[in-house]
Amino acid sequence: MEEKENRDNVRVADEAKRAKTLKIVDRVLMIAVLLTVAVLFMVYFIVPLFNLPPEPKKNRSTSPDGIELDSAEALVAYAEEHYGKAELLSTQETGSDEFRHRECVLRDVAHGFTYTLSSYPGVGFWLDTVWYYEGTRIKGDYEERYAEWQQEDFKMKNKELFAGITPAATLKNPTDNNPLMVQRLGADPYALVYDGRVYIYMTGDVIETLGSKQLANSYQKINTINVISSDDLVNWTDHGSIRAAGYTGAAKWGGNSWAPAAACKEIDGKMQFFLYFANSGNGIGVLRADNPWGPFEDPIGKALINRDTPNCANVTWLFDPAVLVDEDGSAYLYVGGGVPGGNQPTADQIEHPGTARMVKLGDDMISLDGDPIAIDPPFLFEDSGINRIGDTYYYSYCSNFNVDGHANAGSYKLHNGQICYMTSDSPYGPFTYQGAILKNPGEYFGPGGNNHHCIFEFNGKYYITYHSQILDKPLGTGGGYRCTHIDELPVNEDGTISMGKGTRKGVAQLKYFNPYTEVNAATMRTMAGIDTKLFGGDWRYGTGEMVVTAIDEGDWINVGGVDFGATGAAKFTATFTDSEGASGVIAIRLDSLDGEDVGYVEVNGNGKVTAELLKPVTGVHDIFFIFAGSGYNWRSWQFEQ
């Protein structure tokens, strides 16, 4: 009985406890419901009373300076403040009064862009993602579009600048590869092939004047030798002018430096370069250097050959050297020219002047190993040349101007002032006459004069470099000023040489030009207006690194056959020096003087400037650098992918 009573008491207590717990849960649920209702009431009824905007959208939902724009007028004012003068093309409003969308289409007056500005009061402001220029959509987001706007602004500013610039007149058409250079004159060319490049050494003709009148070339003011080089025979790097003779030259004992000849030879484990030149018509000097462009110095301080040299006193013109370093390292020098007899030579003196000499050089290349001996080129005038092709030695020269009308001229098939050749199985001769291989320049170009040449082999082909007077007329000079050409020379399988031809077109480019290495700015196929000057070298020698100078508005430089590849170029870097306070712009133009501009480089004093190209440049193109402004000096350039 007592046990039953206890169980009933426990049950009553549990029920009371359970009832109390349910009551607490009911109260908590009621509070939660009330709180939820209160929150919903606040969100839907109380907040709208205070007109609070929703959180601004991210990703450019507000203007850069946080301004909310609630009218078309405010949008236009904002555009003009931030982007310049704007013309309102159209406006449109949509949506409710509380959330009205205002959109304005505007045109940038200065640059011709059209763009859209939109605003949502209480929400924010943004630039529409579509901009146009001349009907072409400019793609990208806001930041990218703004950069493109600046790029287009830069492009349009310079496009307008260069639209008002007429390219300067040139002495050499960009479609021609001859003459090799027009920033200076160059005569009596001689070729040296070294380390994959052809170096051309030329007599540095100087235009003579008397007051404002230009005089004929007397050849007496020439004391420099111009040097250029190329690995494609179209684009030539200017290395300057060797100060060879005269009181500022290396060989101060000499008054002139005519008709250079160059050679290189390894001596005591070191490659050395030698330059032989004529001191007018009275002797041969020699200079020496450690690289092809110098600086050259006089190693002996006197003439290597003069009229006191045995067997040379009676040479009419002791000049026009040619040099050959044979396969065994032996070297030979060939000099001389002229027709004895003065103004009335005999027929025999005309046919056999006997004024050519050859001599073996010492191992040091600056001394003679024996006395000069005579050789007898028929109808010799001047211009010795010497080559070895296979096991045969070729002596070439210019015929004199008494050939035509001579009784024996027909048997030689020769005319006045032509290049002809002889052959021998020994560098000493005797040489056997073979025939003419290049007519006088006058037969190809009009202006005639003397004929001077050099034959050389490069990359498996033979070429002849020579000079002409085709620049006399456009320069308005008094006559006799020369420039250098190169054309192919047909050397046949049997060793004979056929008649070559002088042209303005010149040789085909041997390989495409690489724009992705640093290029000396004084490298060009042709140009107009500019000059070059020595930079970083000793002015006493005259050669070394050159920079482009004397730049005026409208001047330009052309580089031919530039290969940008399939990936293409995206950037361009130019380096300027000695240009403090100078400013200007260089346009990078494709394929012709009136071609497409693909980039602009702004010049502001010294140093490097890198510019993004207006578009990627791929494939092979001729490049024209057109100049605006003046007073700056251009050192180098390089494209980047």
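Descriptive notes on the structure:
- Tallying residues that are part of a strand (DSSP E or B) and among the hydroxyl-bearing types (Ser, Thr, Tyr) within region 544-569 yields 1.
- Per the listing 580, 545, the residue uniquely within 22 Å of residue 226 (Cα to Cα) and open to solvent by 10 Å² or more (accessible area, probe 1.4 Å) is 545.
- Residues in region 268-280 that are within 15 Å of residue 222 (Cβ to Cβ) and open to solvent by less than 10 Å² (accessible area, probe 1.4 Å): 275, 277, 278.
- Looking across region 310-360, the residues that are within 47 Å of the chain's Cα centre (by Cα), open to solvent by 20 Å² or more (accessible area, probe 1.4 Å) and more than 20 Å from residue 272 (Cα to Cα) come down to 316, 317, 339, 354.
- Elements of type helices (runs of 4 or more DSSP H) in region 397-493, at least 1 residues being touching a residue at least 60 places away in the same chain (Cβ under 8 Å) and surrounded by 17 or more Cβ atoms within 10 Å (Cβ to Cβ): 441-445
- Residues of region 494-505 that are of a type outside the set (A, V, I, L, M, F, W, C) and either touching a residue at least 24 places away in the same chain (Cβ under 8 Å) or touching a Pro at 6+ places or on another chain (Cβ under 6 Å) (or both): 495, 496, 498, 500, 501, 502, 503, 504, 505.
- Within the option set 573, 618, 543, being in contact with a Gly (Cβ under 7 Å, 6 or more places away or on another chain), farther than 19 Å from residue 171 by Cβ and at pLDDT 95 or above holds for one residue only, 618.
- Residues satisfying the stated conditions in region 286-339, i.e. polar (S, T, N, Q) and within 19 Å of residue 192 (Cβ to Cβ): 291, 330
- Criterion (of a type in the set (Ser, Thr, Tyr) and on the phi > 0 side of the Ramachandran plot) met by exactly one of 190, 219, 194, 201: 219
- The one condition in (1) in contact with a Phe, Trp or Tyr (Cβ under 9 Å, 6 or more places away or on another chain); (2) at pLDDT 95 or above that residue 475 fails to fulfil: (2)
- Residue in region 380-391 that is charged (D, E, K, R), free of Cβ contacts under 8 Å to residues at least 60 places away in the same chain and in contact with an Asp or Glu (Cβ under 7 Å, 6 or more places away or on another chain) present: yes
- Count of region 296-307 residues, restricted to those that are open to solvent by 40 Å² or more (accessible area, probe 1.4 Å) and either acidic (Asp, Glu) or out of contact with any Lys or Arg (no Cβ under 8 Å at 6 or more places or on another chain) (or both), is 6.
- Residue 255 being more than 17 Å from residue 294 (Cβ to Cβ), without any contact (Cβ under 8 Å) to a residue 60 or more places away in the chain, touching a Gly at 6+ places or on another chain (Cβ under 8 Å) and not polar (S, T, N, Q): yes
- Selection of region 182-223 for residues being polar (S, T, N, Q) and either open to solvent by less than 30 Å² (accessible area, probe 1.4 Å) or under 30 Å from residue 591 (Cα atoms) (or both) yields 183, 203, 217.
- The number of residues in region 515-530 being more than 17 Å from residue 185 (Cβ to Cβ) and within 10 Å of the chain's Cα centre (by Cα) comes to 7.
- Residue selected from region 68-108 under the condition farther than 30 Å from residue 156 by Cα, of a type outside the set (S, T, N, Q) and open to solvent by 70 Å² or more (accessible area, probe 1.4 Å), by the criterion modelled with the highest pLDDT: 93
- Residue match in region 165-181 (condition: over 20 Å from the mean Cα position of the chain (by Cα) and open to solvent by 40 Å² or more (accessible area, probe 1.4 Å)): yes
- Beta carbons closer than 6 Å, at least 6 apart along the sequence or on distinct chains, pair a first residue in region 286-306 that is farther than 14 Å from residue 262 by Cα and assigned to a loop (DSSP other than H, G, I, E, B) with a second that is open to solvent by 50 Å² or more (accessible area, probe 1.4 Å) and among the basic types (Lys, Arg) for 299/288.
- Residues satisfying the stated conditions in region 515-543, i.e. within 16 Å of residue 626 (Cα to Cα), in a loop (DSSP other than H, G, I, E, B) and charged (D, E, K, R): 525
- Whenever a residue of region 614-641 is in contact (Cβ under 8 Å) with a residue 60 or more places away in the chain and within 17 Å of residue 571 (Cβ to Cβ), its partners that are of a type in the set (Lys, Arg) and outside any loop (DSSP other than H, G, I, E, B), lying with C-beta atoms within less than 6 angstrom and at least six residues away or across chains, give the pairs 614/155; 640/571.
- Annotation note: of 135, 124, the sole residue that is open to solvent by less than 30 Å² (accessible area, probe 1.4 Å), out of contact with any helix residue (DSSP H, G or I) (no Cβ under 9 Å at 6 or more places or on another chain) and modelled with pLDDT under 60 is 124.
- Members of region 456-498 that are more than 20 Å from residue 205 (Cα to Cα) and among the β-branched types (Val, Ile, Thr): 464, 491, 496, 497
The values are calculated or read from the model by the stated rules, or taken from the named source; none is laboratory data. Treat the numbers as computed from the prediction; the structure is a model and nothing was measured. Backbone-built Cβ (ideal geometry, glycine too); neighbour counts: all protein chains shown. Each accessible area value is taken on the protein alone, full model and side chains, heavy atoms only, with ligands, DNA and RNA left out. Shrake-Rupley method; radii C 1.70, N 1.55, O 1.52, S 1.80 Å.
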